[in-house]
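I have placed the structure first, in the form of structure tokens, so that the comments after it can refer back to it.
The values are calculated or read from the model by the stated rules, or taken from the named source; none is laboratory data. Everything quoted here is computed from the prediction, not taken from an experiment. When we count neighbours, we look across all protein chains shown, and the Cβ atoms used for this are built from the backbone with ideal geometry, even at glycine. Protein only, heavy atoms only, side chains kept; ligands, DNA and RNA dropped before computing areas. Shrake-Rupley method; radii C 1.70, N 1.55, O 1.52, S 1.80 Å.
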Amino acid sequence: MRRLIVVAAVAATVAGIALRRTMRPRLPAPERGRRLAEQVGCFGCHGPEGTRGTANPGRNDRTVPTFTGDIMMYADSADIIREWIRDGVTSKRAASRTWREQRDRGTLKMPAFKERLSPSQIEDLVAFVSAMSEPEPADPTAARGQRKAQALGCFGCHGPGGAFARPNPGSLKGYVPSWSGADFPELVRDRAEFGQWVEHGVSERFDRNPMARFFLRRAVLKMPAYERHLAPADVDTLWQYVQWARTPGRAVRRGGEEEGGG
């Protein structure tokens, strides 16, 4: 009897550890950066999630740049975004007399965060700003998937590019899972399961799991079933886009030309 009690206790401990690991939040870098950006005041000037720059009297451009459309005029790569965040200016802009005059005339000035944030925090901010710019895949099929995801409203919950983990009270981890994050493989094992989630709002594997069903039903935000809104090839193009989003160094299209992917 004593041996059975010990075995049961060990089994319960192992199960508890596994459950804690399953429920442990694993936020992707863009989401960590988004939350950090809110904490350090970025949205005070760049607007909510960097989408609406505030007025900046004195400068010719009149407003603080956004992280969406405007960003390409100021920072078209991760390296340049990193310079802006870390140093408050890029070396190229700092060498420009015209830019220095504009900076002096402006009411608002970009601060340097290198003394306030750690290198890893700066990298999270770089990931956030890069994701907000929503780069277009160089692969035509993935690009069609991106446009379909936009048309279906996927980026409303999953964030631009599906890269974020927006809060979702009542769900297992408290957020909507990212397509590019560490949670994704636990939710979607392959193309078949992906199709089930997209078409029916849940995979067969999760629908058979009582614990999974409990959290899916309790969550405020629920995955919609898109079956009635899909053409025959749509799931394949969406899958191709998600695979592209999960690929490090993915090839993107900027100004009609392909970059990256090397």
Checking residue 133 against (1) under 19 Å from residue 30 (Cα atoms); (2) polar (S, T, N, Q); (3) without any contact (Cβ under 8 Å) to a residue 60 or more places away in the chain, which test does it fail?
(3)
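For residue 97, state whether it is surrounded by fewer than 17 Cβ atoms within 10 Å (Cβ to Cβ) and among the charged types (D, E, K, R). Please lay out each step first, then the result.
Details: surrounded by fewer than 17 Cβ atoms within 10 Å (Cβ to Cβ): yes; among the charged types (D, E, K, R): yes.
In short, yes.
Given the criteria surrounded by fewer than 19 Cβ atoms within 10 Å (Cβ to Cβ) and at negative phi, does residue 131 qualify? Don't jump to the end; show me each part of the working.
Values: surrounded by fewer than 19 Cβ atoms within 10 Å (Cβ to Cβ): no; at negative phi: yes.
Considered against the rule, which asks whether it is surrounded by fewer than 19 Cβ atoms within 10 Å (Cβ to Cβ) and at negative phi, residue 131 comes out as no.
For the range 154-176, enumerate the residues that are open to solvent by 40 Å² or more (accessible area, probe 1.4 Å) and assigned to a loop (DSSP other than H, G, I, E, B). Please lay out each step first, then the result.
First, the residues of the range 154-176 that are open to solvent by 40 Å² or more (accessible area, probe 1.4 Å): 156-157, 166-167, 169, 172.
If the condition is that a residue be open to solvent by 40 Å² or more (accessible area, probe 1.4 Å) and assigned to a loop (DSSP other than H, G, I, E, B), then 166, 169, 172 are the ones that fit.
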For residue 102: the one exception among (1) loosely packed, with under 14 Cβ neighbours inside 10 Å; (2) more than 30 Å from residue 175 (Cβ to Cβ)
(1)
Could you check residue 81 against (1) open to solvent by less than 20 Å² (accessible area, probe 1.4 Å); (2) within 30 Å of residue 171 (Cβ to Cβ) and say which number it fails?
(2)
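So, of the residues in the range 47-69 that are open to solvent by less than 50 Å² (accessible area, probe 1.4 Å) and more than 18 Å from the chain's Cα centre (by Cα), which turns out to be farthest from residue 122 (Cα to Cα)?
Initially, the range 47-69 is screened for residues open to solvent by less than 50 Å² (accessible area, probe 1.4 Å), giving 47, 49-50, 53, 56, 58-59, 64-68.
Among the residues that remain, those that are also more than 18 Å from the chain's Cα centre (by Cα) are: 53, 56, 58-59, 64-65.
Working: 53: 21, 56: 24, 58: 29, 59: 27, 64: 20, 65: 19 Å.
The extreme case among them is 58.
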